[in-house]
1. Check A:263, A:257 and return the single one that is closer than 27 Å to residue A:178 by Cα, within 13 Å of DNA strand B (Cβ to nearest atom) and of a type outside the set (Phe, Trp, Tyr).
2. Search the range A:24-75 for residues being free of Cβ contacts under 8 Å to residues at least 40 places away in the same chain and small (Gly, Ala, Ser), and hand back the single one that is nearest to DNA strand B (Cβ to nearest atom).
3. Go through the range A:746-769 and count every residue that is in a loop (DSSP other than H, G, I, E, B) and open to solvent by 20 Å² or more (accessible area, probe 1.4 Å).
4. Against the condition closer than 21 Å to residue A:535 by Cβ and in contact with a Leu (Cβ under 8 Å, 6 or more places away or on another chain), how does residue A:460 come out, does it pass?
5. Taking residue A:735, is it open to solvent by less than 10 Å² (accessible area, probe 1.4 Å), of a type in the set (Gly, Ala, Ser) and modelled with pLDDT under 90?
6. Can you tell me which residues in the range A:455-472 are open to solvent by less than 20 Å² (accessible area, probe 1.4 Å) and touching a residue at least 24 places away in the same chain (Cβ under 8 Å)?
7. Residues to consider are A:392, A:427; find the one that is closer than 16 Å to residue A:366 by Cα, without any contact (Cβ under 8 Å) to a residue 60 or more places away in the chain and over 15 Å from the mean Cα position of the chain (by Cα).
8. From A:386, A:396, which residue is outside any helix (DSSP H, G or I), open to solvent by 40 Å² or more (accessible area, probe 1.4 Å) and more than 13 Å from DNA strand B (Cβ to nearest atom)?
Amino acid sequence: MNFGHLSMSQLDSLACKISNLSQLRQFHAQLIQNSLHHHSQWVSLLISQCTRLRAPPPYTRLIFDSTPRPDIHVFISMLKYYSNLGSAHFNQVVSLYQKLQCCDLRIGTFVYPVLIKSAGSKGIEFHAHVLKLGLASDPYIRNAIMGLYAKYGPVENARDVFAEMHERTLADWNNMIFGYWIWGNKAEACRLFDIMPERNVVTWTAMVTGYARMKDLENARRYFDEIPEKNVVSWNAMLSAYAQNRFPEEALKLFDDMMNSRDQPNETTWAIVISACSSCGDCSLADSFVQKLNQKRIHLSYFAKTALLDMYAKRGSLQAARQVFDELGVSRNTVTWNAMISAYTRVGDLASARELFDKMPERDVVTWNSMISGYAQNGQSALAIDLFKDMITAADDPKPDEVTMVSVISACGHLGALDIGNWVIGIVRKNHIKLSISGYNSLIFLYSKCGSMDDAKRTFQEMTTRDVVSYNTLIAGFAAHGHGMEAVKLLSKMKGEFVEPDRVTYIVILTACSHAGMLEEGWKVFESIKAPDADHYACVIDLLGRVGKLDEAKKIIDDMPKEPHAGVYGSLLNASRIHKRIDLGEFAASTLFELEPHNSGNYILLSNIYASAGRWDDVVRVRELMRKVGVKKATGWSWVEYKGKLHKFIVGDRSHERSDDVYRLLAELGRKMRNSGYMADKTCVLRDVEEEEKEEMVGTHSEKLAVCFALLVTDAEAVIRVVKNLRVCWDCHTAMKMISNLEGRKIILRDNNRFHCFSDGICSCGDYW
DNA sequence: CTAGGGTTAG
């Protein structure tokens, strides 16, 4: 195609026929080829097509930036483009405005409404600006400002501007109604609806979305059915009302009605329908839709394709998701990238997620949150915190929001990093981030995991509304500290406040009872569970097993209505170790070797049972079995927080800068221990991984390294807080008692199970006697 | 009117 001999009006009608992005790109290429891209009118036309086709921001911006001398129409079409995107691109808009001022163009007042609308939630920042310019009384500017306050609040400002208006357009009424609904003022919205001089389909649709927002689907439907002349938007509003309120089946039923009406679905419709399928969990239905769309050769917008991507990702078809992502090419926007990143983190592929994260052209809060929570949820708390630090130091990047903070606070909790946690809480305060229930829950988690139960309780009490997670988290904290009674009390408190316990509640309550040795209370709770699952059985086996009722425990396993899983036999094996029951230990272990042959813990437990009975041949046999199967003893990390940094240690690792001092102190402590009569106990065998450290005391476990580091750097009054990511074993526990006694220090060790408070050679936990 | 991110248990 050659544009050279086409007239302007011919080109214009050609541009309006463009129906997708690749055609747009061809058109663009043709303009460049014919050197027409220097002409503002063509650029402006091109950008309006970008708006119509919802082209991605980087592409559209590229078109704008490649224009040597944009005129006012190019600026306006670019601003309109941003205002149509819906999400705020404030920085871009500001830079456009600055550029506009530099361009020595005559700026008419008609620019300001567009400018205000295009800046999204931050458009209000232009309010002061237009006041300063003395333009605030311009009717069009007033409309824009009113609409903005209606959308982003405070809605009172919108009301005031609305009240002072001399002439109100239908759009003003609609905006005001829309604003009242956004801010939850149903009464005012309905009042305006009743008194307004005329209504159009937008008005009715605003009522539908308003009621949907209040989750009042019946009224939403009532208004929907009354709409005199529906359009696609009304249908879409009702469809998404169903989809977002978890009635995907209703949505799909309505979609059928829509197909039989004179309104045909548009791209938005497809986005809603696809996400409805995705939340339905009905893969085959979604597939049949996609098939139908392909057959009819219906073009899906990048919006709908992002929904499709997410649907594939949530169902676990990562390749399909990636294919959609790749096909989107230049049409990808931030949301597409974000959806793909979270698709990867969901399956634990952090490397692929990070690769995309680093490659992305523009990152928003959700991008950062996806990556940070990706790390946090895959056990990489330290990386989550590091990335958060990057986020707040990066100049151009978005400010953290509540979701960010929830992930980061939780990460600090997992690490037991209270100093870093407090620093994070300081950032929450400084940035005036309002915490919701989840935010408070993460605080309770942080405090519980750091041993500050008073703060955890205080946070819990400060909450005006608590959900089941609030209770579960605090109960889990009590469980880890051995506070069984407080846990049980909370269970009745939550019932009194009509918060329904869920399966996690029962797990944490049973754990609490078990740790506190509260057999009767625990049993009562277990019996009250309506449909106990295998996890609950594992807890109750642990409860019985710890107090020595192993035969009863075994009988319960035999009579279980459901198939017992590894956790159930694990509880039995552990109890067999505590009570030296070789018969049951062998039974449990042999089952476990079949269920999870690569879990080294089971082999270690069994060999410890044999060792405690002096059956060394069997110990050797288990060790050989491990070698044959190819399992190695798991090695765990331990760390201490010192001066806002985590100092991590692991068996055999000497990379820490104070390692030489640490090992020297360790040797010295070992000598002191032997002199005071401590003998390496033979019950802790299978210490192969620690062979290299034979010369030191009983194997050098990571927690001993961490404690020695803390002894070196902290003063004598400070409490030493160590966190280990595995369960502390018996001989190390004994060593901790000795160290606390020898050094006269209080040591708090949190393993992945519970708290151990050592002082004067005694530990608070009742686990190792 | 539409797509993406968060808390708890063993």
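The values are calculated or read from the model by the stated rules, or taken from the named source; none is laboratory data. This is a predicted model, so every value here is computed, not measured. Cβ placement follows ideal geometry from the backbone for every residue including glycine, while neighbour counts extend to all protein chains displayed. Only protein heavy atoms, including side chains, enter the accessible area calculation; ligands, DNA and RNA are left aside. Shrake-Rupley method; radii C 1.70, N 1.55, O 1.52, S 1.80 Å.
1. A:263
2. Applying the first criterion (free of Cβ contacts under 8 Å to residues at least 40 places away in the same chain) to the range A:24-75 yields A:24, A:26-53, A:60-75.
Pick out the ones that are also small (Gly, Ala, Ser) and you get A:29, A:35, A:40, A:44, A:48, A:66.
Values: A:29: 25, A:35: 34, A:40: 27, A:44: 22, A:48: 16, A:66: 24 Å.
Out of the qualifying residues, it is A:48.
3. 9
4. no
5. Yes.
6. Quick first cut of the range A:455-472, residues open to solvent by less than 20 Å² (accessible area, probe 1.4 Å) only: A:456, A:459-460, A:463, A:470-472.
Of everything in the range A:455-472, those that are open to solvent by less than 20 Å² (accessible area, probe 1.4 Å) and touching a residue at least 24 places away in the same chain (Cβ under 8 Å) turn out to be A:463, A:470, A:471, A:472.
7. Step by step, each of A:392, A:427 is checked, and only A:392 is closer than 16 Å to residue A:366 by Cα, without any contact (Cβ under 8 Å) to a residue 60 or more places away in the chain and over 15 Å from the mean Cα position of the chain (by Cα).
8. The unique qualifying residue is A:396.
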